[in-house]
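Scroll down for the structure; my scribbles are underneath it.
The values are calculated or read from the model by the stated rules, or taken from the named source; none is laboratory data. If you're wondering where the values come from, they're calculated on a predicted model, not measured in any experiment. Here Cβ is always computed from backbone atoms with ideal geometry, including for glycine, and neighbour counts include all displayed protein chains. Note: accessible area is taken over every heavy atom of the protein model, side chains too, but ligands, DNA and RNA are not part of it. Shrake-Rupley method; radii C 1.70, N 1.55, O 1.52, S 1.80 Å.
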Amino acid sequence: ALQTSRPQQQAEPRRRRHDRSPMATMIAYVLTGHGGPEKLEYREAFPRPVAGPGEVLVRVRACGCNNTDINTRIGWYSKAVTAGTTETQGGADVEADGSWGGHLTFPRVQGADICGEVAEVGDGVEEALVGKRVLVDTWVRDPAEPTNMRKMRFVGSELDGGFAQFAKVPRRQIHVVDSEQLTDAELATFATAYTTAENMLNRAKVTAGDVVLIPGASGGVGSALIQLANRRKATTVAMCSESKRAAVEAVGPTAVLPREPADVAAALKAAVGRDTVDVLADVVGGPAWPKLLDVVERGGRFTCAGAIAGPIVDFDLRTFYLKDLTFVGATCVPDGTFADLVGYIEKGEVKPLLAATFPLEDLPKAQETFVAKKFVGNIVIVMP
């Protein structure tokens with residue numbers, strides 16, 4: 001059954017450094033290889049991590065789902081895969097490059113969007129953090145070279161994440177959050193989707209007055225793009241299916257277009273008074289992409305952080321160079337972006353869009369629901 005309210009929280013014993021008692025194991029869902037849902041295993045006695053020097057152990061209360069979970073499980077990042085995000089991909093043929101950053105080791109606890117409390121601290125970490133409610137920055141950077149993308153790791157991919165009762169992360173990853181009005185599940189909707197969206201807008205240099213076209217506006221990143229671009233006083237034009245139109249309109253875009261209008265330029269003209277946009281902010285790709293690129297204004301920008309409808313597109317280089325377009329990918333998120341997001345949350349400048357919650361034991365069902373894309377916002381796993 002779906003859970004839509006904040007899960008009841010039981011008091012955890014205050015743990016000192018390196019204290020494994022009274023719980024040496026934990027409940028976790030682990031990924032055992034690339035493939036279908038059968039690669040997910042529910043384990044009731046998975047080793048509980050210990051906070052080492054400079055680390056904290058977080059008691060996970062809720063953890064959001066995102067496309068990276070699905071893409072990693074099915075091996076979608078592999079060059080061998082040419083279709084969109086579907087359950088038909090994955091397997092041994094993608095082992096070498098099936099994760100976003102290359103080779104992935106198993107078993108792996110996935111889940112990046114962690115909300116919980118600090119349960120334990122390692123040497124060199126202030127004990128006053130124990131018991132604090134925190135969000136976890138999903139991008140782990142090398143302290144000596146924080147801008148070196150080759151050394152960046154993603155929570156739930158290169159290190160274990162939050163589809164478990166506990167998660168261990170470096171101290172610098174946690175951000176104490178002051179937001180009593182939001183539940184743990186609501187707070188778990190932000191991390192990946194909203195930092196991805198903010199990074200896209202930063203890289204595309206979106207400012208007040210820009211017209212931003214947002215395909216896939218009903219998804220986590222798409223709905224975050226609407227809110228964050230609105231925050232910059234841009235004109236936001238969302239695209240979604242008719243069945244989701246009312247829910248997307250409630251997020252607050254300037255206008256909403258059909259998912260695939262017959263004439264994109266004409267639809268824009270009718271909606272916002274001009275037939276071009278300054279920025280195309282896309283996580284969809286697929287067959288419709290060339291028509292969207294055609295409506296980007298001369299000197300405009302294309303920013304991309306996904307391709308759920310398909311990574312292989314028909315691209316006319318003349319559109320790119322004759323219109324002096326700027327293309328920017330947006331994967332690795334710079335330091336400081338997550339802290340900015342926490343500030344937006346605490347000031348109420350962005351709102352959570354919690355579509356549904358599932359208990360941890362129903363993770364495969366949650367992922368099935370996530371892939372079906374019949375919801376608006378985000379899906380969250382709550383912990384036992």
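I'd like the orientation of helix 191-203 relative to the chain: the angle between its Cα long axis and the longest Cα principal axis, in ° from 0 to 90, rounded to 10. Helix 191-203 and the main axis of the chain meet at about 40 degrees. Taking all protein chains as present, what is the carbon and sulfur share of the accessible area of the chain, in % to the nearest whole number, probe 1.4 Å? So the carbon and sulfur contribution to the accessible surface is 51 percent. Volume per residue of the convex hull around the Cα atoms, evaluated for region 136-247, comes out as 155 Å³. Probe 1.4 Å, all protein chains in place: accessible area of Ser179 in Å², nearest 10? Taking all protein chains as shown, Ser179 has close to 0 Å².
Since only Thr82, Ala28, Trp289 are under comparison, the one whose Cα sits farthest along the positive direction of the charge dipole of the chain, derived from C-beta charges on Lys, Arg, Asp and Glu, is Trp289.
Taking 17 Å as the cut-off, the amide N atoms of region 342-370 that come nearer than this to a point 7 Å along the Cα-to-beta-carbon line of Thr32 belong to 361-365.
Ala204: net charge of surrounding residues, Cβ under 10 Å, Lys/Arg +1, Asp/Glu -1, itself excluded? Around Ala204, the surrounding residues sum to +1. Loop-located trypsin sites (Lys or Arg not before Pro) in region 331-384 (DSSP state not H, G, I, E or B) with no more than 14 neighbouring Cβ atoms inside 10 Å: Lys347, Lys373, Lys374. In this structure, Ala128 and Glu242 have a Cβ-Cβ separation that, at R0 = 51 Å, corresponds to a calculated FRET efficiency of about 0.50. Inter-label distance, Arg150 to Leu322: 3.9 nm, where each label sits 7 Å from its Cα along the C-beta direction. For q = 0.15 Å⁻¹, what log10 I(q)/I(0) does region 100-159 give under the Debye formula with an equal point scatterer on each alpha carbon and no solvent? Taking Cα atoms of region 100-159 as identical point scatterers yields -0.60. Loop-located trypsin sites (Lys or Arg not before Pro) in region 163-264 (DSSP state other than H, G, I, E, B) with a sparse environment of at most 16 neighbouring Cβ atoms within 10 Å: Lys205, Arg232, Lys233. In terms of distances greater than 26 angstrom between alpha carbons, the cross-link table entries Lys151/Lys351; Lys291/Lys373; Lys132/Lys351; Lys291/Lys323; Lys323/Lys373 yield Lys151/Lys351; Lys323/Lys373. Loop-located GluC sites (Glu not before Pro) in region 326-384 (DSSP state not H, G, I, E or B) with no more than 13 neighbouring Cβ atoms inside 10 Å: Glu349.
Here the simple spin-label model places points 7 Å from the Cα toward Cβ, and for Ala339 and Arg298 these points are separated by 4.2 nm. A helix-only calculation puts the chain at -6000 deg cm²/dmol for mean residue ellipticity at 222 nm, using -39500 (n - 2.57) for each DSSP H run of at least four residues, averaged over all residues.
Our analysis of the chain gives Rg over Rh at 0.97, with the two radii drawn from alpha carbon positions and Rh computed by the Kirkwood formula. As a size descriptor, the averaged projected area of the C-alpha convex hull of region 79-208 was calculated at 11.3 nm². Give the Kirkwood hydrodynamic radius (Å, one decimal) of region 215-373, defined as one over the mean of 1/r across all pairs of different Cα atoms. That comes to 17.0 Å for region 215-373. The angle between the Cα long axis of helix 337-346 and the longest principal axis of the Cα atoms of the chain comes to about 80 degrees, rounded to the nearest 10. Measure out, as a whole number of angstrom, how far apart the alpha-carbon centroids of region 158-197 and region 229-291 sit. With region 158-197 and region 229-291 each reduced to a Cα centre, they are spaced 29 Å. Rolling a 1.4 Å probe over the protein chains gives Ile226 an accessible area of about 0 Å². Residues in the chain average 42 Å² of solvent-accessible surface per residue, probe 1.4 Å, ligands and nucleic acids excluded.
In a reduced charge model with +1 at each Lys and Arg Cβ and -1 at each Asp and Glu Cβ, the chain shows a dipole moment near 360 debye about its Cα centre. Cβ-Cβ distance of Ala80 and Tyr42, R₀ of 35 Å, FRET efficiency by 1/(1 + (r/R0)^6): the value works out to about 0.75. The percentage of C-alpha pairs in region 306-350 whose separation is greater than 12 Å is 76%.
Taking 0.36 nm per residue of separation and subtracting the Cα-Cα distance, full extension of the segment from Lys233 to Gln181 would add 16.2 nm.
Work out the length of the dipole vector of region 263-384 about its Cα centre, built from +1 on the beta-carbon of each Lys and Arg and -1 on the beta-carbon of each Asp and Glu, and round it to the nearest 20 debye. Computed about the Cα centre, the dipole is about 260 debye. The label point for Asp314 and the one for Ala266, both projected 7 Å from the Cα toward the Cβ, are 1.9 nm apart. For Trp100 and Asp142, the difference between the fully extended length at 0.36 nm per residue and the C-alpha to C-alpha distance is 13.4 nm.
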